Amino acid sequence: MENMELPPRPKLFDFHGVSMTHYFTDNWENIQNFQARPDDILIATYPKAGTTWVSYILDLLYFGQTAPERQTSLPIYERVPFLESDFHIIPPGTELADKLSTSPRLIKTHLPVQLVPKSFWEQNCRVVYVARNAKDNAVSYFHFDRMNKADPEPGDWNNFLQRFMDGKMVFGPWYDHVTGWWERTQTHSKLHYVFYEDMIEDTGRELDRLCSFLGLSPSAEEKERVRGGVQFDTMKKNSMANYSTVPIMDFKISPFMRKGKVGDWKNHFTVAQSEQFDEDYKKKMKNTTVQFRTVV
Ligand code: A3P
């Protein structure tokens, strides 16, 4: 795999009103017809909001003790299939999910809420949504697109930021994504909305909230084991969690587990960019009650 020739970076196009690349639409029929099971847990996020972190937490909570061999043999993207992905180098996410023999199945998606296959709602599945403040999310997405050859070229930071504000990103505008999922908490009671900043501030507290949502009651010892296993530095060193086995990512440009902080945006935004961003943010977010913190 290491010396494989990579295809050219994909182009963005409009798909049901959302910017996408073919990697997430090639398998669309199977995605829309995907049959969820009542105990499936959907981990939904805008890209770079903390998907891998929460996926790893859930995997450890459910399988850390019952299937310890998973921890050393299966990368996180095989344990938690990426539903809409079809990268052609591994089977599409729907197929990987269908093949999972675990219960519950943990399934990842970046789809905006309106594009999620209807069976997840019909089956009343639990959903964990992770959201991250727009500025840090944009910075993390920028570095990810520099190193991830399966996304369009990010260009320079200034252009990327403008594109982020324009919503011309894979999976569409951040603003619509976080607010669309936030509104869904009103009608889908089995949706747990988590903030990346809260997880950074107090991982143990968020772990407790997550367990209570999932109906799990791990011992204090087990919780501590999970909390320790999902710390940034521990996950960064763990080849089963840090994506170092993925050939389309160039870690020489930027590692997947990059900084894992709140407030790195201050190292990227100029004062003028920040002011312009805030002004635009107020307009785009004026009709929602969801509130983000850009510092903790
Ligand atoms: P940075 O690029 O800011 O470092 P996703 O999994 O949705 O792609 O999100 C990746 C982002 O989450 C990266 O952010 C990554 O470092 C961060 N992340 C992953 N695991 C983490 C952890 N255990 N603690 C804090 N941040 C984590």
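Odds and ends about this structure:
This table checks each residue for (1) under 20 Å from Pro154 (Cα atoms); (2) away from the ligand (no atom under 16 Å from the Cβ).
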{"site": "Glu5", "(1), (2)": "no, yes"}
{"site": "Ser19", "(1), (2)": "yes, yes"}
{"site": "Tyr23", "(1), (2)": "yes, no"}
{"site": "Asn30", "(1), (2)": "no, yes"}
{"site": "Ala36", "(1), (2)": "no, yes"}
{"site": "Thr52", "(1), (2)": "no, no"}
{"site": "Asp59", "(1), (2)": "no, no"}
{"site": "Thr66", "(1), (2)": "no, yes"}
{"site": "Thr72", "(1), (2)": "no, yes"}
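- Test: residue in region 204-224 that is touching a Phe, Trp or Tyr at 6+ places or on another chain (Cβ under 8 Å) and closer than 27 Å to Met285 by Cβ: no
- Matching residues in region 145-176 - criterion: being of a type in the set (A, V, I, L, M, F, W, C) and crowded, with 19+ Cβ neighbours inside 10 Å: Met147, Ala150, Phe160, Leu161, Phe164, Met165, Met169, Val170, Phe171, Trp174
- Of everything in region 54-66 that is outside any helix (DSSP H, G or I) and in contact with a helix residue (DSSP H, G or I) (Cβ under 9 Å, 6 or more places away or on another chain), the residue that is surrounded by the fewest Cβ atoms within 10 Å (Cβ to Cβ) is Gln65.
- Residues that are touching a residue at least 60 places away in the same chain (Cβ under 8 Å), surrounded by fewer than 24 Cβ atoms within 10 Å (Cβ to Cβ) and more than 14 Å from the ligand (Cβ to nearest atom) within region 99-110 comprise Ser103, Pro104, Arg105, listed in sequence order.
- Taking region 267-279 as the range and being surrounded by 14 or more Cβ atoms within 10 Å (Cβ to Cβ) and outside any loop (DSSP other than H, G, I, E, B) as the test, the residues that pass are Gln273, Ser274, Gln276, Phe277.
- Scanning region 206-230 for residues being touching a Ser or Thr at 6+ places or on another chain (Cβ under 8 Å) and either under 19 Å from Ala49 (Cα atoms) or at pLDDT below 95 (or both) gives a total of 2.
- Close pairs (9 angstrom Cβ cut-off, 6 or more residues apart or separate chains): in a strand (DSSP E or B) and modelled with pLDDT of 95 or more in region 187-205, of a type in the set (Asp, Glu) and crowded, with 18+ Cβ neighbours inside 10 Å anywhere: Val194/Glu206; Phe195/Glu206
- Evaluation of Thr234 against (1) assigned to a loop (DSSP other than H, G, I, E, B); (2) within 11 Å of the ligand (Cβ to nearest atom); (3) of a type in the set (Ser, Thr, Tyr) (one fails), failing number: (1)
- Residue within region 38-47 that is under 30 Å from Lys223 (Cα atoms), over 19 Å from the mean Cα position of the chain (by Cα) and assigned to a loop (DSSP other than H, G, I, E, B) present: yes
- Boolean, Asn137 is in contact (Cβ under 8 Å) with a residue 12 or more places away in the chain, of a type in the set (S, T, N, Q) and farther than 28 Å from Leu60 by Cα: no
- Residue identified as at pLDDT 95 or above, within 11 Å of Thr45 (Cβ to Cβ) and either touching a Gly at 6+ places or on another chain (Cβ under 7 Å) or not β-branched (Val, Ile, Thr) (or both) among Tyr141, Tyr129: Tyr129
- Scanning region 237-254 for residues that are without any contact (Cβ under 8 Å) to a residue 24 or more places away in the chain and within 9 Å of the ligand (Cβ to nearest atom) returns a single hit, Asn242.
Yes/no per residue for (1) among the hydroxyl-bearing types (Ser, Thr, Tyr); (2) closer than 25 Å to Arg146 by Cα; (3) surrounded by fewer than 20 Cβ atoms within 10 Å (Cβ to Cβ); (4) at pLDDT 95 or above:
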site: Met4; (1), (2), (3), (4): no, yes, yes, no
site: Phe15; (1), (2), (3), (4): no, yes, yes, yes
site: Trp28; (1), (2), (3), (4): no, no, yes, yes
site: Gln32; (1), (2), (3), (4): no, no, yes, yes
site: Tyr46; (1), (2), (3), (4): yes, yes, no, yes
site: Thr52; (1), (2), (3), (4): yes, yes, no, yes
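- For region 198-218, a residue qualifies if it is in contact with a helix residue (DSSP H, G or I) (Cβ under 9 Å, 6 or more places away or on another chain) and more than 15 Å from the ligand (Cβ to nearest atom), and the qualifying residues are Asp208, Arg209, Cys211, Leu214, Leu216, Ser217, Pro218.
- Breaking point among (1) basic (Lys, Arg); (2) closer than 25 Å to Trp182 by Cα; (3) surrounded by 13 or more Cβ atoms within 10 Å (Cβ to Cβ), for Lys282: (3)
The values are calculated or read from the model by the stated rules, or taken from the named source; none is laboratory data. Not measured: the values here are computed from a predicted model. Please note: Cβ atoms are built from the backbone with ideal geometry, for glycine as well, and neighbour counts cover all protein chains shown.
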